[in-house]
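The structure appears below as structure tokens.
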Amino acid sequence: MGLFRKIFEKSKENKHMSNVKLAVVFYSMGGTNYQLSKWAEEGAKEAGAEVKVLKVDELAPKSVIEGNEGWKATVEATQDVPVATSEDLEWADAIIFSVPTRFGNMPSQMKQFLDIQGGLWASGKTVNKVVSAMTSAQNPHGGQEATLLSLYTSMMHWGAIIATPGYTDQVLFGAGGNPYGTSVTVGQDGKMIEDVQAAVKHQAKRTVQVAEWVKKGNQ
Ligand SMILES: Cc1cc2nc3c(=O)[nH]c(=O)nc-3n(C[C@H](O)[C@H](O)[C@H](O)COP(=O)(O)O)c2cc1C
């Protein structure tokens with residue numbers, strides 16, 4: 001291949017490669033939000049982003065986890081997933097959060113993670129991060145939107161740029177049509193009811209795209 005051709009091919013490649021760094025930060029007791037996070041990783045990588053999937057620290061006492069088979073299994077399945085740090089957030093241009101609902105709120109484990117970012121916030125490093133969130137609940141009207149809003153409230157204080165899916169793609173309708181962020185219903189057996197994989201991937205791609213626009217405009 002001639003030199004010109006090589007450069008031309010390379011520039012075409014770059015056009016489709018994003019330079020966005022994405023952190024997917026989740027908490028999961030039964031594995032659902034871990035799965036959503038892995039789908040988000042897939043979608044973002046397809047969009048060319050560099051991705052880290054990270055969990056937040058567990059706060060529940062070991063004795064409580066030990067007594068719950070599903071919870072114990074998730075702790076084991078995620079034991080090699082790194083715990084998210086302030087440095088990871090600083091590294092990221094974009095952050096996707098994924099949490100199960102807890103009485104219509106984010107779980108305390110995620111709240112604790114946000115609450116230990118005071119230093120990052122005070123140094124202005126949370127500003128202009130492009131953020132988006134996903135959730136799950138046992139009931140179709142079990143507090144999905146409220147949970148996403150609980151996260152987005154903190155994001156407004158961070159000066160982050162909230163990128164929701166809205167109704168930007170047909171796949172949203174097949175996934176329950178939550179414009180605040182992908183949400184899924186999880187049965188008593190721990191299985192997801194709606195098929196949300198495509199919606200999660202779309203949300204991840206859109207988050208990367210918005211982050212790319214922000215990054216480009218801020219250079
Ligand atoms: C303490 C607690 C509170 C919960 N509150 C709600 C709720 O308000 N509405 C609901 O539909 N599901 C509720 N759930 C069910 C969880 O949201 C559900 O198990 C979770 O979304 C599954 O996600 P995971 O597999 O990632 O843990 C609650 C579960 C627990 C343990």
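The values are calculated or read from the model by the stated rules, or taken from the named source; none is laboratory data. Being a predicted model, the structure only gives us computed values, none of them experimental. Reconstructed Cβ throughout: ideal geometry from the backbone, glycine too, with neighbour counts over all protein chains shown. In case anyone asks, the SASA skips ligands and DNA or RNA and just uses the protein heavy atoms, side chains included. Shrake-Rupley method; radii C 1.70, N 1.55, O 1.52, S 1.80 Å.
Filter the range 134-146 down to the residues that are part of a loop (DSSP other than H, G, I, E, B) and out of contact with any Phe, Trp or Tyr (no Cβ under 8 Å at 6 or more places or on another chain), then identify the one that is surrounded by the most Cβ atoms within 10 Å (Cβ to Cβ).
Per the criteria, the residue is GLY142.
Which of the residues spanning the range 79-107 are open to solvent by 10 Å² or more (accessible area, probe 1.4 Å), part of a strand (DSSP E or B) and within 16 Å of the ligand (Cβ to nearest atom)?
PRO100, ARG102, ASN105
Is it the case that some residue within the range 108-123 is among the aliphatic types (A, V, I, L, M), open to solvent by less than 60 Å² (accessible area, probe 1.4 Å) and under 27 Å from ALA175 (Cα atoms)?
yes
Of all the residues that make up the range 144-196, how many are within 12 Å of the ligand (Cβ to nearest atom), closer than 28 Å to ALA211 by Cα and either of a type in the set (D, E, K, R) or free of Cβ contacts under 8 Å to residues at least 60 places away in the same chain (or both)?
Matching residues across the range 144-196 total 6.
Looking at the range 36-49, is at least one residue touching a residue at least 60 places away in the same chain (Cβ under 8 Å), within 10 Å of the chain's Cα centre (by Cα), open to solvent by 10 Å² or more (accessible area, probe 1.4 Å) and within 16 Å of the ligand (Cβ to nearest atom)?
For the range 36-49, residues touching a residue at least 60 places away in the same chain (Cβ under 8 Å), within 10 Å of the chain's Cα centre (by Cα), open to solvent by 10 Å² or more (accessible area, probe 1.4 Å) and within 16 Å of the ligand (Cβ to nearest atom): present.
Taking the range 66-78, which residues are open to solvent by less than 60 Å² (accessible area, probe 1.4 Å) and in a loop (DSSP other than H, G, I, E, B)?
Answer for the range 66-78, where residues must be open to solvent by less than 60 Å² (accessible area, probe 1.4 Å) and in a loop (DSSP other than H, G, I, E, B): ASN68, THR78.
Against the definition (surrounded by 13 or more Cβ atoms within 10 Å (Cβ to Cβ), more than 13 Å from the chain's Cα centre (by Cα), closer than 20 Å to THR185 by Cβ and modelled with pLDDT of 95 or more), how does LEU149 come out, yes or no?
Yes; evaluated as a whole, the condition is true for this residue.
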